[in-house]
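Working notes, structure below.
The values are calculated or read from the model by the stated rules, or taken from the named source; none is laboratory data. Computed from a predicted structure; not experimentally measured. Here the Cβ positions follow ideal geometry from the backbone for every residue, glycine too, while neighbour counts run over all protein chains shown.
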Amino acid sequence: MNRVAVLGAGNGGLSIGAFLSLSGCSVQLFDKFPAAIEQIREAGGVTLKGVSRTGFAKFDMITTNVVEAIEGCRMILVVTPAFAHRELAETMAPYLDRGQKIVLNPGRTAGAIEFHMRAKAINPKADFVVAEAQSLIYACRKTGPAEVTIFKVKNEMALAALPATRTEEVLQELKPFYPQFIAAENVLETSLLNIGAIFHPTPALLNIARIENKELFEYYMDGITPCVSNVLERIDAERVAVAKAFGVKTMTCIEWLEDVYGSPHTDSDSIYEAVQKQDGYRGIEAPQNPFARYISEDVPMSLVPLAEFGRITGVPTPTMNLMIDLANLIHQKDYRAEGRTLARLGLEGVFLDDLKKFVATGTPLP
C-alpha cells in the first residue's frame, strides 16, 4: 500500500486518505465532482483532527479522473455513497488487469456482489478482487473546506472478499494501517450486518420535518428517541431473521454497538438506551437536506436489498417495506426500481445454495 487510490472526497474518504497519508502512503484522491475537491486541491491536502493521527496530510494526486486515480495502485479504497459503486465498476472494469484489490468502505448490502457482477459484465477477463467492509471504520465529518475530523475509531470491523477465499490476502494488505479489520465468513455476513440500514434511513424519515426546516440537532443522540427506537428494533429484528435464514453469523444492533464502540448494555436495553450509553456518535449533527444520503443512499442500497434477501429466504420484512414506501412517498421516487433488487444484482432466480457457493469460492452462478 505504498501507493493507494482513495475514491471519494466526502467525510470518510478524506479521513481515510488523510490517515494513510500521515502513515506514509502516497495517496491518489478521486472525486467525480470538481467542487468537492477544488479547495482540497488548492491546499494540496487536508488537515486531519480528532482522535487518530493529526496534522496536515498531503495528497500526491487530486483528480476527477478515476482511471488516472487508480493508475499504479494495487489497493483501491472506495469511500463513496453506495449508489456510485455500479458506475465505478463499469468505468474501472477495462483497467482492472493486474489483480488490484478493491475495498468498498462500506459495501452497504450486496455492494461487493454488485461491483463484481458489473465489472465482469463489462470485462469478463478483468483480474481483481473486491471486498467490502461492514461499515465505515470512522465516525467522522468534514469540518472545514480542507479539514476533516475523526470523532471515533471503531474497535473492530468485519471485512470479507468476494470470493471469501481471498479475504485473508486483502486483510494482510490493510493490517499494518488498520488492525481493526477482521475476517467475516463471506460478503453475505458483511452485507447482512449492515447497521447503517438501521441507523440511517428511519431516523431521517421520522425526523424529516426537523431536517427539512434545517433544525440543528444531534442526529443519533437527539433523533433516536424511545418511539423511533421502537421502529428501529422491528427493522433490526427483521434483518437478524434474514441473516439466520441464510445461515450467516450476525448480531443485534445493540450487540454491535458494544462490539465496535465498547458500549455496555444490559439484556433489557432498548436501542435508544444503548445509543445514549456510548459516545461514538456524540457531536454528529443531523443533515439539513431532506434528500441526504441517509435516505437517498440507504433506502435503495440497504433496505431494498435486505428486503429482497428476505424474499429469497421467505422471511417477511414488513417494517423495512413500510420505510421503503414512506421514502418513496416523501421523495416522490421509486427506490425499488433504482435500488439493489435481485434482478439488478443478477441474482433473480438464483438458488440459495448456489449463491452461498458463489460468495464462498467464486463458483460461477448457473
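Please verify whether THR80 is in a loop (DSSP other than H, G, I, E, B), of a type in the set (S, T, N, Q), within 22 Å of ILE150 (Cα to Cα) and in the same structural domain as GLY111 (by TED's automatic domain parsing), treating the condition exactly as stated.
Yes; evaluated as a whole, the condition is true for this residue.
Has the stretch 53-72 got any residue that is among the small types (Gly, Ala, Ser), touching a residue at least 60 places away in the same chain (Cβ under 8 Å), assigned to a helix (DSSP H, G or I) and buried (at least 24 other Cβ atoms within 10 Å of the Cβ)?
For the stretch 53-72, residues among the small types (Gly, Ala, Ser), touching a residue at least 60 places away in the same chain (Cβ under 8 Å), assigned to a helix (DSSP H, G or I) and buried (at least 24 other Cβ atoms within 10 Å of the Cβ): absent.
Between ILE102, ILE113, which is farther than 18 Å from ALA197 by Cα and either buried (at least 18 other Cβ atoms within 10 Å of the Cβ) or modelled with pLDDT of 95 or more (or both)?
None of the other options fit; the residue is ILE102.
Residue by residue, here is whether (1) assigned by TED's automatic domain parsing to the domain that holds GLU297; (2) surrounded by fewer than 22 Cβ atoms within 10 Å (Cβ to Cβ); (3) farther than 18 Å from VAL67 by Cα; (4) touching a residue at least 24 places away in the same chain (Cβ under 8 Å) holds:
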residue: GLY8; (1), (2), (3), (4): no, no, no, yes
residue: LEU14; (1), (2), (3), (4): no, no, yes, yes
residue: GLY17; (1), (2), (3), (4): no, no, no, yes
residue: LYS32; (1), (2), (3), (4): no, yes, no, yes
residue: GLN39; (1), (2), (3), (4): no, yes, yes, yes
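Return yes or no: is LEU205 modelled with pLDDT of 95 or more, surrounded by 22 or more Cβ atoms within 10 Å (Cβ to Cβ) and outside the structural domain of ILE271 (by TED's automatic domain parsing)?
Here the answer is no, as LEU205 does not meet what is asked.
Considering only strands (runs of 3 or more DSSP E) fully contained in the stretch 90-149, which possess at least 1 residues that are of a type in the set (Asp, Glu)?
128-133
What number of residues in the stretch 259-293 are in contact (Cβ under 8 Å) with a residue 60 or more places away in the chain, assigned to a helix (DSSP H, G or I) and touching a Leu at 6+ places or on another chain (Cβ under 8 Å)?
Residues flagged as in contact (Cβ under 8 Å) with a residue 60 or more places away in the chain, assigned to a helix (DSSP H, G or I) and touching a Leu at 6+ places or on another chain (Cβ under 8 Å) within the stretch 259-293 amount to 1.
Could you please let me know if LEU329 is under 27 Å from ARG141 (Cα atoms), free of Cβ contacts under 8 Å to residues at least 24 places away in the same chain and aliphatic (A, V, I, L, M)?
So LEU329 fails the test.
Across the stretch 331-355, what is the number of residues that are over 16 Å from THR109 (Cβ atoms) and surrounded by 16 or more Cβ atoms within 10 Å (Cβ to Cβ)?
2
Among the numbered criteria (1) at pLDDT below 95; (2) under 21 Å from the mean Cα position of the chain (by Cα); (3) of a type in the set (A, V, I, L, M, F, W, C), which one does ILE312 miss?
(2)
Residue by residue, here is whether (1) surrounded by fewer than 15 Cβ atoms within 10 Å (Cβ to Cβ); (2) within 21 Å of ALA133 (Cα to Cα); (3) in contact with a Cys (Cβ under 7 Å, 6 or more places away or on another chain) holds:
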site: ALA209; (1), (2), (3): yes, no, no
site: ILE224; (1), (2), (3): no, no, no
site: ASP236; (1), (2), (3): no, yes, yes
site: GLY280; (1), (2), (3): no, yes, no
site: GLU297; (1), (2), (3): no, yes, no
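For TYR219, are the conditions met, namely being touching a residue at least 12 places away in the same chain (Cβ under 8 Å), farther than 20 Å from LEU136 by Cα and not assigned by TED's automatic domain parsing to the domain that holds LEU159?
no
Within the stretch 253-271, take every residue that is surrounded by 18 or more Cβ atoms within 10 Å (Cβ to Cβ) and hydroxyl-bearing (Ser, Thr, Tyr) and give me the one that is nearest to VAL228 (Cα to Cα).
Per the criteria, the residue is SER263.
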